[in-house]
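A quick write-up on the structure given underneath.
A short reminder: the numbers here are calculations on the coordinates, not readings from a lab. Just so it is clear, the structure is predicted and the values come from calculations on it, not from any experiment. Neighbour counts run over all protein chains shown; Cβ positions are idealised from the backbone, glycine included.
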Amino acid sequence: MLEELTFGFPILSMLLFFPLVGGLILCLLDDDDLIKNAALAVAGLELVLAIVVLLRFIPDSAAMQFSEQVAWIPPLGISYHLALDGISVLFVGLTAFLTVLIVLYSWDTVRHQLKLYFAALLALETTIVGVFVSIDLILFFVFWELMLIPSYFLIKLWGGGAERQYAALKYVLYTLLGSVFMLLGIVLLDLNYHEWAVAHHIEPSYTFDFLQLLMIPIPPDRQVLIFWLIFLGLVFKAPLFPFHTWLPDVLIEGPIGMAVILAGIKLGTYGFIRFSLPLLPEASQDESVVAVMMTLGLLAIIYGAIVALIQPDFRRLLAFSSISHLGFVVVGLFALNFQGLQGSLLTMINLGFSTAGLFFLAGFLYARRQSTHLSSFGGLAKKVPLLATFLLIIGLASIGLPGTNGFVGEFLILLGAFEAYWLYGAVAVTGVIFGAAYFLWYYERAMFGPLPQGLSHAIADLNVRETVIAVSLSVMIFWIGLYPAPFLHIMNGSVQALVNRLDRGSVAETGGSLGVRREALGESKADASPRATSLSPHPSPLTPHGI
Amino acid sequence: MTFNLSMSGSDLLLLLPEMLLTVWLCVVLVVDFAMPRLPKVRLAYLSVGGLATVLLNLLWFDRTGVTGTLFADMFVVDRLAIFFKILIVIATALVILVSVDYVRRFRFFKGEYYFLILMSALGMMFMASANDLLSVFITLEFSTFGFYVLVAYLRDDVASNEAGLKFFILGVFVAGLLAYGISLVFGETGKLVFSDIAAAPPTTGLIIGFLLIFGALGFKIGAVPFHSWIPDTYHGAPTPVTAFLSIAPKGAAFAILLRMFLVSLATLKPAWVLLMVGVSILSMTYGNVVAIAQKNIKRLLAYSGIAQVGNILIGLAAGTKMGGDAILFYLLTYLFANLGAFAVVIAVGNLIRSDEIEDYSGLNRRSPFLAMAMLVFLLSLAGVPPLAGFIGKLYIFVAAINEGLYTLLVVGLLNIVISMYYYLIVVKKMYINEPIDRTPLPISTPMKAAIYVCLAGTLILGVYPQPFIDWAVSATLMFSQFTAPAALAVPPTVLPFGG
């Protein structure tokens, strides 16, 4: 986890800024068709870049790869430090993939201020990629906050609902409220490092670098405080029940593209697995912390599923199903074992195909019926067989049918949960049943039975662009469902390192003696792939070693 | 105490920036009298040119490290003074640029306006150099005289007259408090120079004296509970004067506050930290909460300014050298963001003759440039990364947390959320609402120049703050020997900010 590999080419910086630059160039164009094509080209090239990163990524390695580091604000120890490991690399691919699909989806569904829309969307992509590639906590926070600005405009200007003004403001203020506490937590981490560095005469004495922070002891009681502060930032964004109230509003009032991103890219839970668990291992294993997190996760599963059961509006149903799925992710994370973490990580990726995919289909339905309310559906399977088929495929993936990606992720989570404590697993399983119930029941009412009154005219089935979206999602669903090995290999190394760190506790607890870490260095060098070069960012006693 | 007022050539050199400015303001006044046909805009350019020479002079001082004291330690030139003088000169130049269009509204005394602005700037430059309590009194009054006239400059406008009167009466009252406080401190210690007072034992008289002085300076910076003049004065005064008032006097007063609290009162820190925490919390919370209800953009910025002062006071509450650095850096970020926001308000106000937030509806359609600039400035004021305001807030929070001021910090963070709400309301009006009138808004060249400078400042300070932080750090080096030992856990030679 502490080892860093460089790539010799700043591919992450390119990945990070390419959409933003593309979006700015878009602003210079005037012709609507040209703008659409250019947006597609930018998103497509970004996807190509992301695929290159995925192909060049060394699987089964815990190392931070493609590392880039430049000092940004040295007096405060803030650096522009980018890197990817097995935990974050898949999210970058997912973000690029979904953005391409959103551009395709928006082709003829967004009708006004196209230029601004695509520029905002691409800027949003940059900030999301930024969240995943940042290894410096302040840099991470910068992108985390920056996300709000394009999101705010996307919801407000292109949202479909009448209450979108309110939804956008609610979204920004809620997440901001959480974020300020997270910032406090981050600053406390820095302070802790500062105290330790001063006591050990280490310069520079301030750092926000994740890898540097990993190497110093944090007293357990302070860890718990920091954990809860960061927790507030993450759960508002995630959003975890009971901090979720903005989510249904935004998903319904905002544009489909925004809903896909919010439901598909799990930034909040990523924050837990990226920062909270490794930085605060003692706090994460604290009995009361685990109990609270598990309870919240299980409550979210059951609450989300039950509320989803009675929703007449498809997008509202999806919002609550998303909350329920997020509960699974949290349960997997705080099972704190290999299967649980692996399952959570895979499920976060899966949701980007299944839940986000369902939002695309909700968008297709909306385009046909100008509503996603049950009253305007019924018997549609006869009219739009292709749409109905894809809705079933992606829906079944979302409820975790074997053979689809949802099954692999949820199975691993349940395995991990049972291993941690059988009761957690037992309660979580009920969520699977509820999930099947709400989706299948809704599907039956929407797609079969009598046609709604007044629907006499023919409605078109999926057009080419929509089919492309649905097919590419289905391909991913079956790929992960039937042959998850490549994905699991990518994440295994980092997940194993995380489990090891949780077992051993923070380095502090081993007395912070350099000897222990030197041993570990020997181990990690043996693991390192021959074509990789180890890089130590700071010539200080704190040179990163393997843990 | 003996006063030696004889001056050598090198002593005079220390006064060069002030003397230059004095020459320039006389030139402006004389040119205005001598050439009545001259377009007044030339006077503005003349003033900016003059300020540029002063700025060059100050930058030269900063580079070569000119330091020294004059008039029996009453007047000091050190890195801190130079920093604040540069801040004031930049603010003055920007204010003059944004005034050009506004001045056309005045019916009389258009030329004298620039003279008065320069005179206030001169007073504030002296404030930045004030090193004893007497010079604090003289310079503070000197700088305020110009403002008394400027605030009431719209002669036929009731609000402007009301603003001027309120500002004047309260200002005079505060001058009385200041004089009384100074007399108490002098009576207790027999000393006037800040560093001499540092050795004095804390007596009741000394503490009451300093409280009174703090009240007077609190009035200057507009901290709660000394803020009552701010909303009406900001609202009624000509907008460029409001913009000037909102930054330059605050900067100059913070120079004095820093010298007073980090030098004279450094040993008494445990006693005044609580005072600072209280004033800071009150200012932030009051400013932000009341700002929410404002319908007028100038009043909104007035209250947001009160809250920003609360934020800056967090740095003073930290009471360390790092707190001082953070204040300096924060003031720089505030200079560009706040002046920029006011520049947009002036540009819009000149064209639509209104400062109501309602009239900002659809600004994006009428002038995308102004709307975008306003968005950047407001987000920077709110502290959204990666703009300047974020780094400023972060710096100040880190300084405070190093001193364990957790309560203050939590209040500060919550206030960011509150402030975001009302800034977003303005953003919403500009971008989402439909414009009532769709005519595009043209912007004059000097205004555009000022807005570009502010935009550049806001972005550069956010994205590449390093050189500016270094500058702030080197400007406050003198405090390391006075602040409490806790701040010196690291020996000065290896201070993390040494470079």
Paramagnetic reach from A:Glu203 in the range A:54-84 [backbone N under 16 Å; point 7 Å along Cα→Cβ]:
A:74-77
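Pairwise over distinct Cα atoms, reciprocal of the mean inverse distance: report the Kirkwood radius of the protein assembly as shown in Å, one decimal place. It would help to have the intermediate numbers written out before the result.
Values: mean 1/r = 0.0326 Å⁻¹.
One decimal place: 30.7 Å for the Kirkwood radius.
Please work out the FRET efficiency for the pair A:Asn463 and A:Trp422, using the Cβ-Cβ distance as r and a Förster radius of 41 Å; give the result to the nearest 0.05.
Values: r = 49 Å, r/R0 = 1.20.
Result of the calculation: an efficiency of 0.25.
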Round to a whole angstrom and tell me the spacing of the C-alpha centers of the range A:166-239 and the range A:332-357.
24
Charge dipole of the protein assembly as shown about the Cα centre (unit charges at C-beta), most positive-ward option of B:Ile418, A:Pro217, B:Ile401:
B:Ile418
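Suppose R0 equals 35 Å. What FRET efficiency, 1/(1 + (r/R0)^6) with r the Cβ-Cβ distance, do A:Ala41 and A:Leu451 give to the nearest 0.05? Each step should come with its number before you reach the end.
Working: r = 41 Å, r/R0 = 1.17.
Plugging the Cβ-Cβ distance into 1/(1 + (r/R0)^6) gives 0.30.
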Rounded to whole angstrom, the alpha-carbon centroid of the range A:382-444 lies from that of the range B:446-465 at a distance of 52
Determine the principal axes of the Cα atoms in the range B:270-491, then give the extent along each, sorted from largest to smallest and rounded to whole angstroms.
62, 33, 22
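Find how much the distance from B:Asp11 to B:Ile436 grows on full extension, using 0.36 nm per residue of separation minus their present alpha carbon separation; answer in nm with one decimal. Walk me through the intermediate numbers first.
Details: separation 425, 0.36 × 425 = 153.00 nm, distance 6.02 nm.
Gain on stretching B:Asp11 to B:Ile436: 147.0 nm.
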Shielding of A:176-183 by partner chains, average beta-carbon count, 10 Å:
6
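Here are some pairs, A:Lys115/B:Lys429; A:Lys36/A:Lys170; B:Lys298/B:Lys429; A:Lys237/B:Lys428; A:Lys115/A:Lys237; A:Lys237/B:Lys321; which of them have Cα atoms lying more than 26 Å apart in this structure? Walk me through the numbers before you get to the answer.
Values: A:Lys115/B:Lys429 21 Å; A:Lys36/A:Lys170 30 Å; B:Lys298/B:Lys429 15 Å; A:Lys237/B:Lys428 22 Å; A:Lys115/A:Lys237 28 Å; A:Lys237/B:Lys321 36 Å.
Beyond 26 Å: A:Lys36/A:Lys170; A:Lys115/A:Lys237; A:Lys237/B:Lys321.
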For the range A:347-355, just list the computed ³J(HN,Hα) in residue order, Karplus coefficients 6.51, -1.76 and 1.60, θ = phi - 60°, integers in Hz, with x standing in for Gly and Pro.
5, 4, 5, 4, 4, x, 9, 7, 4
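Run the numbers on the range A:288-505 and let me know its relative contact order in percent, using alpha-carbon pairs under 8 Å that are six or more apart.
Details: 324 pairs, mean separation 60.5, N = 218.
Relative contact order here is 28 percent.
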Whole Å is fine, so just give me how far the alpha carbon centre of the range B:271-286 lies from that of the range B:120-152.
25
Two-decimal Rg/Rh of chain B from alpha-carbon positions, Kirkwood Rh?
0.95
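Over the whole of A:143-156, what's the average partner chain Cβ count within 10 Å per residue? Rounded to a whole number, please. It would help to have the intermediate numbers written out before the result.
On the way: counts 2, 1, 6, 6, 0, 4, 4, 0, 0, 5, 4, 0, 0, 5.
Average neighbour count from other chains, rounded to a whole number: 3.
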Zero-based 5 Å bins, Cα pair distances in the range A:288-505, whole percents
1, 8, 15, 18, 17, 14, 10, 7, 5, 3, 1, 0, 0, 0
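For the peptides A:406-416, B:164-174, what is the packing order when you average, over each peptide's residues, the other Cβ atoms within 10 Å and list the highest mean first?
Working: A:406-416: 24.7, B:164-174: 17.7.
My ranking of the peptides, most packed first, is A:406-416, B:164-174.
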Measuring from label point to label point, each 7 Å out along Cα→Cβ, what is the B:Val172 to B:Val463 span in nm?
5.1
Sequence order, the range A:417-422: Karplus ³J(HN,Hα) from phi using 6.51 cos²θ - 1.76 cosθ + 1.60, θ = phi - 60°, Hz rounded, Gly and Pro as x, gives 5, 4, 5, 6, 6, 4
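Counting pairs of alpha carbon atoms under 8 Å apart in space and at least six apart in sequence, what relative contact order in percent does chain A give?
On the way: 963 pairs, mean separation 99.2, N = 547.
With pairs under 8 Å counted, the relative contact order is 18 percent.
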Using a Cα-Cα cut-off of under 18 Å, which aspartates and glutamates could be cross-linked to B:Lys250, ignoring same-chain neighbours fewer than 8 residues away?
B:Glu141, B:Asp232, B:Asp325
Estimated FRET transfer efficiency when R0 is 56 angstrom, pair B:Ala449-B:Leu274 (beta carbons, to 0.05)
0.80
Count, for each residue of A:190-202, the Cβ atoms from other chains sitting within 10 Å of its Cβ, then give me the mean as a whole number.
2
